[in-house]
1. Being open to solvent by 30 Å² or more (accessible area, probe 1.4 Å), assigned to a strand (DSSP E or B) and aliphatic (A, V, I, L, M): is that true of V100 here?
2. Touching a Leu at 6+ places or on another chain (Cβ under 8 Å), farther than 22 Å from S92 by Cβ and either in a strand (DSSP E or B) or of a type in the set (V, I, T) (or both) - does that describe any residue in region 177-187?
3. Of everything in region 171-195 that's among the hydrophobic types (A, V, I, L, M, F, W, C) and more than 28 Å from G147 (Cα to Cα), which residue is farthest from the chain's Cα centre (by Cα)?
4. What are the residues in region 109-135 that are touching a helix residue (DSSP H, G or I) at 6+ places or on another chain (Cβ under 8 Å) and more than 25 Å from V99 (Cβ to Cβ), if any?
5. State whether one or more residues within region 76-89 are within 30 Å of G192 (Cβ to Cβ) and modelled with pLDDT of 75 or more.
6. Under 17 Å from D199 (Cα atoms) and in contact (Cβ under 8 Å) with a residue 60 or more places away in the chain - does that describe any residue in region 143-154?
7. Given the structure, is I113 open to solvent by 50 Å² or more (accessible area, probe 1.4 Å) and among the β-branched types (V, I, T)?
8. Can you say whether K138 is touching a helix residue (DSSP H, G or I) at 6+ places or on another chain (Cβ under 6 Å) and open to solvent by 80 Å² or more (accessible area, probe 1.4 Å), as far as the supplied structure shows?
Amino acid sequence: MSLASFSAIDINQPATSSAAPSPSNSGDSLKNEFLTLMVAQLQNQNPLEPMDGAEYVSQLAEFTQVDSAETLNRLMQSNTATLGNLQSLAVSDLVGKQVVVNTNQFQLDDSAIDVSVTGPRTPLPVTAVFSDQYGNTKEAFLDMRNGVANFPLEANSLGLSGKVMVEFPERQDMRFNVKGQVSSVQLSPTGGEPRIRVDGVGEVPMYQLIQFGI
């Protein structure tokens with residue numbers, strides 16, 4: 001049986017790393033490099049044929065534009081983080097309060113929920129079709145002469161239960177809204193959209209809230 005050979009290492013010599021330090025790409029580093037190159041050009045130019053001053057102005061203008069863009073980018077990132085923190089604080093304050101959610105589905109159980117339908121005024125009744133998760137359906141005819149219809153929904157009167165979806169087969173310009181209480185708020189650890197859990201609706205993104213603080 002042969003033994004694998006190993007190269008000897010002198011334990012008295014300190015170990016050295018062969019990895020070269022990566023150059024910095026920060027705005028300050030680029031600025032220093034630009035100024036160093038410009039000074040070197042001025043020092044090493046031919047006195048009998050000096051470089052055109054307009055060229056220096058052009059180079060300086062280009063660098064100023066790059067530096068301004070980097071500063072603007074840092075400012076936008078800072079503002080985005082600040083707005084995200086303010087949104088998180090505002091959203092967390094919604095727990096326990098009533099909100100109105102624009103949605104096409106909701107949850108029906110023993111308790112009634114307040115809903116509304118908004119859209120253009122029409123003299124004819126608007127047909128709404130409700131379907132639950134068990135395949136049961138129910139039609140309702142809404143009076144939209146004033147552009148809004150408010151009414152409560154409960155499982156017993158509608159004959160549906162569980163998760164219910166609503167459609168308006170004859171109209172695409174109707175909005176179905178559910179009023180409910182915010183039970184919890186889930187914030188994204190990566191700074192994404194907060195998720196709001198509303199009684200009678202479930203978990204929805206922030207942009208589906210059309211009214212809150214009521």
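1. no
2. No, the conditions are met nowhere in region 177-187.
3. If we filter region 171-195 for residues that are among the hydrophobic types (A, V, I, L, M, F, W, C), which is where we start, we get 174, 176, 178, 182, 185, 187.
Retained after the next criterion (residues that are more than 28 Å from G147 (Cα to Cα)): 185, 187.
Numbers: V185: 15, L187: 11 Å.
Across region 171-195, the extreme among qualifying residues is V185.
4. Hits for region 109-135: nothing passes.
5. For region 76-89, residues within 30 Å of G192 (Cβ to Cβ) and modelled with pLDDT of 75 or more: present.
6. No: zero hits.
7. Considered against the rule, which asks whether it is open to solvent by 50 Å² or more (accessible area, probe 1.4 Å) and among the β-branched types (V, I, T), I113 comes out as no.
8. Here the answer is yes, as K138 does meet what is asked.
The values are calculated or read from the model by the stated rules, or taken from the named source; none is laboratory data. As the structure is a prediction and not an experimental result, all values here were calculated from the model. Here the Cβ is made from the backbone with ideal geometry for all residues, glycine too, and neighbour counts use every protein chain on show. The area values use the complete protein model at the heavy-atom level, side chains included, leaving out ligands, DNA and RNA. Shrake-Rupley method; radii C 1.70, N 1.55, O 1.52, S 1.80 Å.
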